[in-house]
Structure formats: structure tokens, C-alpha cells
Amino acid sequence: MLIAQGGRCAICEQPEIARGKSGAPKRLAIDHCHSTGALRGLLCQGCNTGIGLLADDVDRLINAVLYLQRWKGEGH
Ligand SMILES: [Zn+2]
């Protein structure tokens, strides 16, 4: 799957930037569905933590997108 995603995060499409204690780049996290345990994809630490903080709640994430889009292009 890492190869299928080109070593990039399934959400932000960037390679992992976080580094471990040794200074070596971390591997993308393997994301599992919390209810079924099914493998969902590989995520960088930031995205994995982000969706986790929003409780993997699709409605909440969509609302977060809509919220952020409201402020786009308004010259802030
Ligand atoms: Zn990411």
C-alpha cells in the first residue's frame, strides 16, 4: 500500500515529515477503521492525529472543511 500511495499520505498527499527520536523520518501510520479494524490507508502523523482529534467523524470533518472554506479568498 505504501507503494500504491507513492509513499505519500492519503489525505495531504505529502511524504511524512515527522521524524522519530533518532532523527530518521517516520513511516506513514497505518490507519485502521476503529469499528471494523479494516485497513483504510497510510497517513502522515499530522493527518492521522487530525482526523483522530475530530473522532473520525465524517460529518464533523465535512463541517470543518465548510467552516474553513468560508474564510477562503476573503483577503484575511
Ligand atoms: Zn497527511
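Each value in this text was obtained by applying a stated rule to the coordinates, not by laboratory testing. As the structure is a prediction and not an experimental result, all values here were calculated from the model. In this analysis, Cβ positions are derived from the backbone assuming ideal geometry, glycine residues included, and neighbour counts consider all displayed protein chains.
Quick notes
- Net charge of the neighbourhood of Gly52, taken over other residues with C-beta under 14 Å away and scored Lys/Arg +1, Asp/Glu -1, is -1.
- Dipole in debye (nearest 20) - the chain, about Cα centre, beta carbon charges: Lys, Arg +1; Asp, Glu -1: 300 debye
- The chain - convex hull of alpha carbons, volume per residue in Å³: 130 Å³
- Gained length - Ala18 relative to Arg40, 0.36 nm times residue gap less alpha-carbon distance: 5.9 nm
- Relative contact order, percent, the chain [alpha-carbon distance under 8 Å, six or more residues apart]: 23 percent
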